[in-house]
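Written below as structure tokens is the structure these notes are about.
The values are calculated or read from the model by the stated rules, or taken from the named source; none is laboratory data. Here the structure is a predicted model, which means the values were calculated and not measured. Neighbour counts are summed over all protein chains in view; Cβ atoms, including those assigned to glycine, are modelled from backbone coordinates with ideal geometry.
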Amino acid sequence: MKKTLLLTLFLFLGTLTAVHSQGCGSAFTDPAGPTANYAYNSDYTVTFCPENPGDVVTVTFTLFDIEAEWDALYVFDGPSITSPQIASANPAAGVPGGLAGGYWGTVNPEPFTSSDPSGCLTFRFRSDNVINKAGWVAEVSCAQPSECVRPTNPTVTSITATSAVLGWTSDATVWEIFALPCGSPAPTAATVGQVVTVNPFLITGLTPGTCYDFYVRAACLPTGYSTLCTFNPISTATLPPICGGQFLDNGGLAGNYANSSDNTTTICPTIPGDVVTVTFTSFNIETGYDALYVFNGNSIASAQIASSNTGGNVPGGLAGGYWGTSIPGPFTSTSADGCLTFRFRSDPTVNRTGWVANVTCAPPPACSPPTALTFNTVTSNSVIITWTQPINPDSTVASAWQVILLPCGSPAPLDTATGFLEVPANPFTITGLNPLTCYSIYLRAVCSTSPLVVCPWVPFNPVTTIPAPPACGGQFIDNGGAGNYANNSDSITTICPTTPGEMVTVAFSLFNTETNWDALYVFDGNSITSTQIPGMNPAGNVPGGLAGGFWGTTIPGPFTSTSADGCLTFRFRSDASGTFTGWVANVTCAPDADKVLLVAFVDQNSNGIRDTGEPLFPNGSFIYQQNSDGVNVNGYSPTGQFALYDANPANTYAFSYQIQPEYVGYYDSGTTTYTNISIPVGSGTQFLYFPITLTNPYNDVTISIAPVSPPRPGLTYSNKITYKNLGVATTGGTITFVKPPEITVFSTTQTGTVTNATGFTYAFTNLLPGETRIFYVTMTVPTTPTVSLGDLLTDSVYISAPIGDIDLTNNANTNSQIVVNSYDPNDKMESRGKNIPISSFAENDYFFYTIRFQNNGTADALDIRVEDVLNSQIDAETVRMVSSSHNYTLKRINNQLVWDFKNIHLPPSSVNLSGSMGYIQFKVQLNPGFQAGTIIPNNASIFFDSNPAIVTNTFSSKFTVPLSIVDFDANSLVLYPNPAKNTVQIGLVNTNEQINKVVFYDILGKAIKTVASVATESLTVDVSDLAKGVYLIEIGLDNNLKLTKKLIIQ
């Protein structure tokens, strides 16, 4: 991820592509020359050929500096890049083009001499779009080919403190090798080296901890020698640390350790029977990419003394290494040989200062010190510590310990220190700590109390307590306090009111977390098992993979609890890299109005009481009447709990619960009812529980598309995909997204998708019961004339059904959106568009309505109410919620729907454009009797706080048949209802014509009412001002035709 994150910080600068041919005697440099860094995005090819037939080209580098793993110089033995490659051992890594065998880094490559009949050499240079280096300088020479061929493929292996094994490829039988300190001038033709006759060759007598340049040349006596073959520089190992000495990384005290290290160091006692202890005094290893491994014995085959770290990206992939800046250990051998072995692995990029450790040897302690010290569950005033207690030399095991706490930075405690705590058990909870304080914790084992026998103090890594839980009137801040939050965070903060009956509100004033990698999750209650208050973000790459977290710099919320306990719980997850300033939020608490809270829950043990951990049940409605007035109100919320407020204590209520028909075969709601319930002044919250019992386990998954924004030519629009496990068992499957055929460019926030010609597929796993996941698809609308205003863009999504899925109708969803130029953000639409072929719609099919709203005011909308009176042709009993942008409650009285978004705190669009939007999506079936020509209009009223209603557009769905089936005549004119009382709907069917004028005539032929300049296929006319009687309605069309029909006014 190191490189990936950098890529986002630079602009694309264009690609340098060039092919050149040069001759002998010239200097060969990177394209920028000897004084400047090479360019980004380079793709540069140069060929050197001899001027005299029979000569061969040799290129000798005198300076070389190319970014390792991301840029590379490739060498080809001939006149083009199709010639055989002279390859290094480097992999393709991240170099553009993906070819292995390139040369990079700062080590001068060996001289290259052509062996091709042409005598030519070709070089190709590739660089990426970030980070450039000084490049290279080389000399180009031409001469007759030497009869003594230079060795190739130099390797150095088995490096110790005083020796190394050199190997090469050569047809010769005698060679001359050279070992010089790094940076020394290269040997000349007159320099005398060591003559060897074996390959590979063990060179000895080297100095420990020293960098060497090795060279080899073939000896073709008596004719002479080949040119030099240069090895990559190596550093010999330091001498194994000894008792009383120090153990250092391979960079020594003053330098950083080397990249691509793989060093093994075994430290053994000099006196038999002693054991080695290694105590680190400084430690700094690149997290996740480099690691030091510890083994309890004289080799890496001994038992590992492991940390809790994963394998990360460390070469070799072994878990349990130590990295970062926290000092590990100390480590004391418990092996029979008394030895400890350390292996250090580093990757090819980024190095650190390494470590310094003291080595001591002594007889094994009578009381073995604890090992593998860790801590967890850090709160504002406590921490849990754990450790492993080794066996003592006398085969006993300590069962009591002492722990001492000191402020970070304090000297280590002496053996005679006091003020410790007696520890009777492992693990142990330390309490009484101060919030946001750094502690150094030391532990020692007590192996005997009479006489007292203890081991030396052993330190834990420093631990910092989290801030105290925010209180009413205080602040809620991230775990970094004044600095950035920590990597690898998984912190949970629950904020509850101090006065029972009050509700917590958390309002953020600053917010900055790493987009897509770190997230803050919000839950409406006193734990993370409470109902989530989700954001609109997908899971992204946040640890844990939960969707609905908040990230970026857009201020979320504010959030107000609607839970019975008045609490809010926040969970913060961050990955291993990239930290930001976090957040600051104010916490306030205020009493909620008196209310009844209706709670439906799954009674898992059938005791009629909601026990801890029993989930809420959302698949039904609370049915209630006020004052026995005979009018049933259906109350629904996606959480399974519904709050009823009433300031009049004289009103009384009766409550019952009704499971949705599609779940009746799987749950039993029993006979729980409540009658004569009032809400007295000052009563606070009354809880009424409805236990629901699972009678028949089942599977059910659902998926839906919600249109977030409309399609406009040349611009992008987005759809939100929501899928949920409605069943009772964890499941997995495949999602298939089919894009509109007109769309060729699209993207999705979901990682792991597989793109195909029609869209993409995505395999999901471990979808828990009740779990909802979301992702977004963004599509680019082609420009006109590929699409035109009024065109429909239709996309679909499908989810594979688990075995025994009880409802296959909710496993697919289709959404059609009309191409527009401008739009009202407060609108209503149905997923099939305005014209629905009658042959494509069955009686049990659903309309999918979406109501969108946006706060275009100047302040937060605290509460939003949406009202929708369903057309009489819609079966109100079949209303089912599909998804929504925010938490809500829904009341239905007959065909009137009312959604309440209480405490939504929707910000204005001028402050937070994406956060200012919300939506409701529900589905509903039609009453029997619809036919070709039936028009079903629908709109909604949106109330922002106490402001007047914003009335959406009226979306009219019309059932049509193909024009070839029905001729255009008077039957193409539909009046509904007829007879009419207050309004009449006038519409055209089976035609693309539009109405431009409507005239009402009485039976005497007198024009009574005129509606002009209409330009629509359908409209609703107010006829409440017309007297009862018979009227003739004349419709003027835009093709100058006129149609007439009779209308009765009652």
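Could you say whether any residue in segment 148-168 is more than 28 Å from Val198 (Cα to Cα), buried (at least 20 other Cβ atoms within 10 Å of the Cβ) and of a type in the set (A, V, I, L, M, F, W, C)? I'd like the intermediate steps shown before the answer.
Narrowing segment 148-168 to residues more than 28 Å from Val198 (Cα to Cα): none.
There is no residue in segment 148-168 that is more than 28 Å from Val198 (Cα to Cα), buried (at least 20 other Cβ atoms within 10 Å of the Cβ) and of a type in the set (A, V, I, L, M, F, W, C).
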message: Looking at (1) touching a residue at least 12 places away in the same chain (Cβ under 8 Å); (2) not in a strand (DSSP E or B), which one does Thr505 not meet, given that it meets all the others?
response: (2)
statement: Reported set for segment 256-278 where residues are surrounded by fewer than 19 Cβ atoms within 10 Å (Cβ to Cβ), farther than 29 Å from Asn153 by Cβ and more than 37 Å from the chain's Cα centre (by Cα) is Thr270, Ile271, Pro272, Gly273, Asp274
query: Which one of Arg865, Arg852, Arg832 is closer than 22 Å to Leu988 by Cβ and either of a type in the set (Lys, Arg) or assigned to a strand (DSSP E or B) (or both)?
result: Arg832
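Only one residue in Ala763, Ala757, Ala706 is among the hydrophobic types (A, V, I, L, M, F, W, C) and without any contact (Cβ under 8 Å) to a residue 24 or more places away in the chain. Which one?
Values: Ala763 fails: without any contact (Cβ under 8 Å) to a residue 24 or more places away in the chain; Ala706 fails: without any contact (Cβ under 8 Å) to a residue 24 or more places away in the chain.
Checking each option against the conditions leaves just Ala757.
Residues checked against (1) crowded, with 20+ Cβ neighbours inside 10 Å; (2) at negative phi; (3) in the same structural domain as Val898 (by TED's automatic domain parsing); (4) not charged (D, E, K, R):
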| position | (1), (2), (3), (4) |
| --- | --- |
| Val797 | yes, yes, no, yes |
| Thr809 | no, yes, no, yes |
| Gln854 | yes, yes, yes, yes |
| Gln873 | no, yes, yes, yes |
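Please go through segment 834-881 and give me each residue that is small (Gly, Ala, Ser) and under 16 Å from Ile942 (Cβ atoms), ordered by number. I'd like the intermediate steps shown before the answer.
Applying the first criterion (small (Gly, Ala, Ser)) to segment 834-881 yields 839-840, 842, 857, 859, 861, 872, 876.
Selection gives Gly857, Ala861.
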message: Looking only at segment 514-536, filter to residues that are without any contact (Cβ under 8 Å) to a residue 40 or more places away in the chain and over 19 Å from Thr493 (Cα atoms); which one of those is surrounded by the most Cβ atoms within 10 Å (Cβ to Cβ)?
response: Asn516
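Residues checked against (1) assigned to a strand (DSSP E or B); (2) surrounded by 15 or more Cβ atoms within 10 Å (Cβ to Cβ); (3) modelled with pLDDT of 80 or more:
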{"residue": "Val999", "(1), (2), (3)": "yes, yes, yes"}
{"residue": "Gly1005", "(1), (2), (3)": "no, no, no"}
{"residue": "Val1014", "(1), (2), (3)": "yes, yes, no"}
{"residue": "Val1021", "(1), (2), (3)": "yes, yes, yes"}
{"residue": "Asp1025", "(1), (2), (3)": "no, no, yes"}
{"residue": "Gly1036", "(1), (2), (3)": "yes, yes, yes"}
{"residue": "Thr1044", "(1), (2), (3)": "yes, no, no"}
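Search segment 508-529 for residues being in a loop (DSSP other than H, G, I, E, B) and under 18 Å from Gly566 (Cβ atoms), and hand back the single one that is modelled with the lowest pLDDT.
Ranking the candidates gives Thr529 first.
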message: Could you go through segment 613-628 and let me know if any residue there is among the charged types (D, E, K, R) and within 39 Å of the chain's Cα centre (by Cα).
response: yes
task: Return yes when Ala89 is loosely packed, with under 15 Cβ neighbours inside 10 Å and modelled with pLDDT under 90 and no when it is not.
output: yes
statement: When segment 790-829 is checked residue by residue, the ones that are closer than 28 Å to Thr753 by Cβ and either acidic (Asp, Glu) or without any contact (Cβ under 8 Å) to a residue 12 or more places away in the chain (or both) are Asp791, Asp795, Asp805, Asp807, Leu808
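When you go through Gly915, Gly933 one by one, which is the residue that is surrounded by 20 or more Cβ atoms within 10 Å (Cβ to Cβ), of a type outside the set (A, V, I, L, M, F, W, C) and at positive phi? Quick ask: steps written out before the conclusion?
Numbers: Gly915 fails: at positive phi.
When all the criteria are applied, what remains is Gly933.
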- request: Determine whether Ser158 is small (Gly, Ala, Ser) and touching a strand residue (DSSP E or B) at 6+ places or on another chain (Cβ under 7 Å).
  value: yes
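Within segment 389-407, how many residues turn out to be closer than 20 Å to Ser326 by Cβ and exposed (fewer than 12 other Cβ atoms within 10 Å of the Cβ)? Can you show your working first?
In the first step, residues of segment 389-407 are kept if they are closer than 20 Å to Ser326 by Cβ; the result is 403-407.
Next, from what is left, pick out any that are exposed (fewer than 12 other Cβ atoms within 10 Å of the Cβ): 407.
Going through segment 389-407 one residue at a time, the tally reaches 1.
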- request: At least 3 residues that are modelled with pLDDT under 90 in each: list the strands (runs of 3 or more DSSP E) lying fully within segment 317-432 that qualify.
  value: 371-376
query: Take the residues of segment 868-887 that are without any contact (Cβ under 8 Å) to a residue 60 or more places away in the chain and outside any loop (DSSP other than H, G, I, E, B): which is farthest from Ile703 (Cα to Cα)?
result: Val869
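Okay, residues lined up against (1) of a type outside the set (Lys, Arg); (2) touching a Pro at 6+ places or on another chain (Cβ under 8 Å); (3) modelled with pLDDT of 90 or more; (4) outside any strand (DSSP E or B):
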site	(1), (2), (3), (4)
Asn912	yes, no, no, yes
Ile920	yes, no, yes, no
Gly933	yes, no, no, yes
Pro937	yes, no, yes, no
Pro948	yes, no, yes, yes
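Condition check ((1) of a type in the set (Val, Ile, Thr); (2) crowded, with 18+ Cβ neighbours inside 10 Å) across all residues:
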{"site": "Asn651", "(1), (2)": "no, no"}
{"site": "Tyr657", "(1), (2)": "no, yes"}
{"site": "Ser678", "(1), (2)": "no, no"}
{"site": "Leu688", "(1), (2)": "no, yes"}
{"site": "Ile692", "(1), (2)": "yes, yes"}
{"site": "Ile705", "(1), (2)": "yes, yes"}
{"site": "Thr716", "(1), (2)": "yes, no"}
{"site": "Asn719", "(1), (2)": "no, yes"}
{"site": "Thr722", "(1), (2)": "yes, yes"}
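Condition check ((1) modelled with pLDDT of 90 or more; (2) aromatic (Phe, Trp, Tyr); (3) assigned to a strand (DSSP E or B)) across all residues:
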site: Phe764; (1), (2), (3): yes, yes, yes
site: Thr786; (1), (2), (3): no, no, no
site: Ser796; (1), (2), (3): yes, no, yes
site: Ala801; (1), (2), (3): no, no, no
- prompt: Are any of the residues in segment 380-387 assigned by TED's automatic domain parsing to the domain that holds Glu286 and in contact with a Leu (Cβ under 7 Å, 6 or more places away or on another chain)?
  reply: no
